[in-house]
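The values are calculated or read from the model by the stated rules, or taken from the named source; none is laboratory data. What you see is a predicted model; the values in this text were computed from it and never measured. Quick reminder, even Gly has a Cβ in these numbers, built from the backbone with ideal geometry, and neighbours come from all protein chains shown. The protein model used for the area step is the full one, side chains on, heavy atoms only, and it has no ligands, DNA or RNA in it. Shrake-Rupley method; radii C 1.70, N 1.55, O 1.52, S 1.80 Å.
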Amino acid sequence: MRVLAISSQKGGSGKTTLAGHIAVQAQKMGAGPVALVDTDPQGSLADWWNERQDETPVFVSTYVSRLAADIERMRDAGIKLLVVDTPPAITDTIADVVHVSDLIIIPTRPSPHDLRAAGATVELVENLGKPLIFVINAATPRARMTSDAACALSQHGTVAPVIIHHRADFAASMIDGRTVMEVSKAARAASEITKLWEYIDARLISGRRKTIMPSSTASVIEKPSFNVGVH
Ligand SMILES: Nc1ncnc2c1ncn2[C@@H]1O[C@H](COP(=O)(O)OP(=O)(O)OP(=O)(O)O)[C@@H](O)[C@H]1O
Ligand SMILES: [Mg+2]
């Protein structure tokens, strides 16, 4: 089982939107069973899931203090991917979630405020030695700020080569517990999520390969390209 945390101390960066969308897309692409955990007291992801008709991905109610033990239970129950939404803060809660995660997604809007706020999350993740991926979210099509943001973020870590644009479909689809893929497969928003999941899936697989490599041979394996090109 792989654990994906969606984290950023900046409020409104898109954590809950991406957590729901990534989990549904992963389940749809056969990476499941997928489980969701909401560690944010605001409970937005839980509220969204409660509106949802489809029973997958499954939702697991837990507390951060029990998360590590519950992860073992989920593993035993056959869950293959866990997506954890987190609150907009830098707290012990976030550190505890990052600690049990295999990969951290940091959604970042291409704005100066978001870019300034990203540093604290990166520091926390790096201090715990976990791999991270920035996902630029809610970008305005063709805006210069998007490439500037990608450039700035790439100095601090991997930037997903898939940009999620600002599209009303994201908010509208979540009103009744769905995602853009379930409202209109043909929508451009759905295609962005499809490509984002393909990218994240590949990163999770390369991470897994790295961990099963015997230490004597690990040194000869070329370092995975963490600083991918930004398109
Ligand atoms: N790509 C997007 N296009 C349009 N609207 C978006 C996009 N991403 C997020 N939003 C909207 O922005 C708002 C904040 O998104 P979301 O709740 O996912 O952020 P968050 O990081 O979880 O917030 P918080 O820090 O409060 O938990 C929501 O109204 C959501 O619908
Ligand atoms: Mg949220």
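Just add up the charged neighbours of V162: K/R +1, D/E -1, any other residue whose Cβ is under 10 Å from the Cβ of V162.
Cβ neighbours under 10 Å give a net charge of -1.
Round to a whole angstrom and tell me the spacing of the C-alpha centers of the stretch 1-43 and the stretch 96-164.
15 Å
Grab the DSSP H runs of the chain that are 4 residues or longer, score each as -39,500 (n - 2.57), total them, divide by all residues and round the 222 nm result to the nearest 500 deg cm²/dmol.
Result for the chain, helices only: -14500 deg cm²/dmol.
What number comes out for the charge environment of A187, summing +1 per Lys or Arg and -1 per Asp or Glu over other residues with Cβ under 15 Å away?
Computed value for this residue: +3.
I'd like the GluC sites (Glu not before Pro) in the stretch 7-80 restricted to DSSP loop residues with at most 11 other Cβ atoms within 10 Å, sorted by number.
Counting only loop positions with at most 11 other Cβ atoms within 10 Å, the GluC sites (Glu not before Pro) in the stretch 7-80 are E55.
Each residue of the stretch 127-140 in order: what ³J(HN,Hα) in whole Hz does its phi give by Karplus 6.51 cos²θ - 1.76 cosθ + 1.60, θ = phi - 60°, with x for Gly and Pro?
Running phi through 6.51 cos²θ - 1.76 cosθ + 1.60 with θ = phi - 60° gives 4, 8, x, 9, x, 10, 9, 7, 10, 6, 10, 6, 7, 7 Hz.
Could you give the length gained by full extension between I205 and R142, i.e. 0.36 nm per residue of separation minus their alpha carbon distance, to one decimal place?
Net length gain for the segment: 19.5 nm.
Around R109, with a cut-off of 13 angstrom between Cβ atoms, what is the net charge of the other residues, counting Lys and Arg +1 and Asp and Glu -1?
+1
Label E123 and I90 with points 7 Å out from Cα along Cα→Cβ: what is the distance between them in nm?
So the label points at E123 and I90 sit 0.4 nm apart.
So how far apart, in nm, are the two label points at R188 and H113 if each is 7 Å from Cα heading toward Cβ?
So the label points at R188 and H113 sit 2.5 nm apart.
Quick one: longest stretch of the chain between exposed loop chymotrypsin sites (Phe, Trp or Tyr not before Pro), exposed meaning at most 14 other C-beta atoms within 10 Å and loop per DSSP?
64-225
So if a site counts as exposed when it's one of the trypsin sites (Lys or Arg not before Pro), its DSSP state isn't H, G, I, E or B, and it has at most 13 other Cβ atoms within 10 Å, what's the longest stretch of the chain without one?
Maximal segment without exposed cleavage sites: 1-141.
Counting only the heavy atoms of the protein chains, how much of D102 is accessible to a 1.4 Å probe, in Å² to the nearest 10?
Its accessible surface works out to 50 Å², give or take rounding.
Tell me the volume per residue, in Å³, of the convex hull enclosing the alpha carbons of the stretch 1-142.
Taking only Cα atoms, the stretch 1-142 has a hull volume of 111 Å³ per residue.
Ignoring everything but the protein chains, give the 1.4 Å probe accessible area of I90 in square angstrom, nearest 10.
70 Å²
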